[in-house]
Structures are given as C-alpha cells and as structure tokens.
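The values are calculated or read from the model by the stated rules, or taken from the named source; none is laboratory data. These numbers were taken from a predicted model, which means no experiment stands behind them. Backbone-built Cβ (ideal geometry, glycine too); neighbour counts: all protein chains shown. Just so you know, the surface numbers come from the protein's heavy atoms only, side chains and all, with ligands and any DNA or RNA stripped out. Shrake-Rupley method; radii C 1.70, N 1.55, O 1.52, S 1.80 Å.
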Amino acid sequence: MSIKDRFKMIMDREKLTAGAFAESIGVAQATISHILGPRNKYPSTEVILRLHQRYTDINLEWLLTGEGSMSNNSNSAGSSEFDYPLFAENPENLTDEPSEMENRKEIALETVQPPPKEIVKQEIIYKERPPRKITEIRIFFDDNTYETFKPEN
C-alpha cells in the first residue's frame, strides 16, 4: 500500500474531499492533488507533520510505512512509554505551559524606549556647468564614407 492510499484512507475515514482535507491540515489543495495524482509524489515532511498534528490518533508508523494499525487508539497500553509524536519539536517538554525561557523573551510595551533620533544635516550644492558647444557633426553613408561638419566660430 502506498502513502497515497493511506492518505485516501484517512480522507475516507474523515469523509472529506481533497480540498476539505487540505484545508483541515493547513496546506494548499494543489499539494494534496499532487500527492493523490498519477505521478504519486511523496508528501513532504511538513505535510506529514501537519496531518499528524491535526489527526493525532493516526499512527505515524502506519502513515509513513504502512505497518501497524491506522489508529493509535488500537495500540496496547504497554506502548505508552513514548507517547510523543516522532516529529515533536521538543519531546522533553510535553506540557502546554510556556517555559521560563519563553517568558523572558516578552517585554512590556511601556518599557521599550525608542532609540534617540540623530539629526542629520544635508547640504546640497548645485554646481553650474558651462554651456556645451557643438564642435563637430559627422554623417555616415551606406557606402562607408562620411562627411564632417564643423561650425564656424
């Protein structure tokens, strides 16, 4: 079974069209069309991650390889040792609470002081150029000859 078939099985289970499925996982409809299309393009890691984040009960091993059951809910309770997703950004911090590091990044708007503005003075100097004069005019002909005209002073 290909990953294309597994995507179709998830769509059938959720009773979604390709467009609705794409919208539910936050990707463009064309992305799903390419995966389901005849060229059988393999989905990017981002698409698989978005699908797994939206449908958390989908067994990631089944989605990637086709092995095991489709749903995590049918797994035995003994496999709860690793119940974070394979692509979790930070598997050590599984709480939904922000960490202390994230709180330190926030700065109240009242304490932000705009940097002092420097006064920049610009001086524009216009230099007049002397008027230009025509010194010579040349006319070239198709027989590779030319004539030169010089104005009389």
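Quick check on segment 26-34. Is at least one of its residues closer than 13 Å to ILE10 by Cβ, open to solvent by 40 Å² or more (accessible area, probe 1.4 Å) and either modelled with pLDDT of 90 or more or charged (D, E, K, R) (or both)? Full working, then the answer.
Initially, segment 26-34 is screened for residues closer than 13 Å to ILE10 by Cβ, giving 32.
Keeping just the survivors that are open to solvent by 40 Å² or more (accessible area, probe 1.4 Å) gives none.
No; the residues of segment 26-34 include none that is closer than 13 Å to ILE10 by Cβ, open to solvent by 40 Å² or more (accessible area, probe 1.4 Å) and either modelled with pLDDT of 90 or more or charged (D, E, K, R) (or both).
Take residues that are touching a residue at least 60 places away in the same chain (Cβ under 8 Å) and not acidic (Asp, Glu) and tell me which of the helices (runs of 4 or more DSSP H) falling wholly in segment 1-74 contain 2 or more.
Numbers: elements: 3-14, 18-25, 29-36, 45-54, 60-65.
Output list reads 3-14, 60-65.
When you scan segment 40-55, do you find a residue that is open to solvent by less than 40 Å² (accessible area, probe 1.4 Å), of a type in the set (A, V, I, L, M, F, W, C) and either modelled with pLDDT under 85 or in contact with a strand residue (DSSP E or B) (Cβ under 9 Å, 6 or more places away or on another chain) (or both), even just one?
Yes, segment 40-55 has at least one match.
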